[in-house]
Structure formats: structure tokens, C-alpha cells
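Report on the structure given below.
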Amino acid sequence: MPRRHRAAACALALLAAACTPGTTPESPRDAAARFDAWRAPHATEIAALEAHLASRGVGGVMPLHALLRTSRRWQACGHAEFAIPPRAHWDRIVPTLRVVRELRDAGVLDPALGRSAWRSPAMNTCAGGSTRSRHLTFQAFDFDLPDATRVGRLCRFWRQRG
């Protein structure tokens, strides 16, 4: 698949789900606090992922607690809230993070509101994801959008760019 089509497919996975508000947004601070407790035993792998993303020009686009969160339904599914994707998938998130950065810079999206990125097959099934979900290959994000204004702005952005 050509690079521009791959990026568009990644962006589609990112944005299409966000155009249907469905959950009450959680405070990003809540997830960040839980992430801080989870991160210590995973520090080496997290540092490697951060360095990798920085080398691709997308380091710091999303807070780590949002980037590494598995699903909104992690508790109901009995899975870990955070997970580090397999290294083989790390480059796959780069085009999506570029779109997130553009949306952030345009004031359309707050990256801290990311709720789901990479999912294992079991987590994806429990979360109701498609068997072809881009979450399985670390190419998508779900976001909680705080109000209809943001949803409208995001969908307008996508229609103009898509």
C-alpha cells in the first residue's frame, strides 16, 4: 500500500470512531496516576519506545498514559490497562501520531483524551473491536471527546482532509 494511502487508512481508523461520541470522558489525570504506578517495572521498554518515536519526529505527541492505554473496557475485560505494543509495530503508529499532532496544533483534539491504542487480540475481542482492527497493529486511537463542538470540528477536519 502506498505511504499516503497507509497514512490515510491510519487516520481513518483514528477519526472515524471519534465521530460517534459514546462515553463520558474520564479525567486524563486519573489514567496518568494509574500509569505512573504501572510504569516503573516497564521503564526500559518505555524508554526504548519513547526514543524510537522521537527518532521518527513524533515523540511527545501524546502523553504516554494515553499512548499505551489498551481500552476503555480494560477492567470489564480483565486485562491490563496499559501495554507496550510489540516492537515490530512501533513504526506503524507514526503516521497516526502525525495526524494527532496536526489535530492538536489546530486545536481540534487533545491528545491526553486518547483512550485506546494497541490491543492484544484478546483485549480487542473483549472491547468489541473488528478482527481487522487497526488497534491490533498499533495504527489507531480512540478518543473521548468532551462535547459535540469538538466532535463537529473533528468531523469537519476529516471531511476536508479525507
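The residues of the range 26-93 present an accessible area of 50 Å² per residue when probed at 1.4 Å with all protein chains retained. A full extension of the chain between Ala122 and Ala51 corresponds to an added length of 22.8 nm, given 0.36 nm per residue minus the alpha carbon distance.
The values are calculated or read from the model by the stated rules, or taken from the named source; none is laboratory data. The structure displayed is predicted, hence computed values, not measured ones. These accessible areas exclude ligands, DNA and RNA; they are computed on the full protein's heavy atoms, side chains included. Shrake-Rupley method; radii C 1.70, N 1.55, O 1.52, S 1.80 Å.
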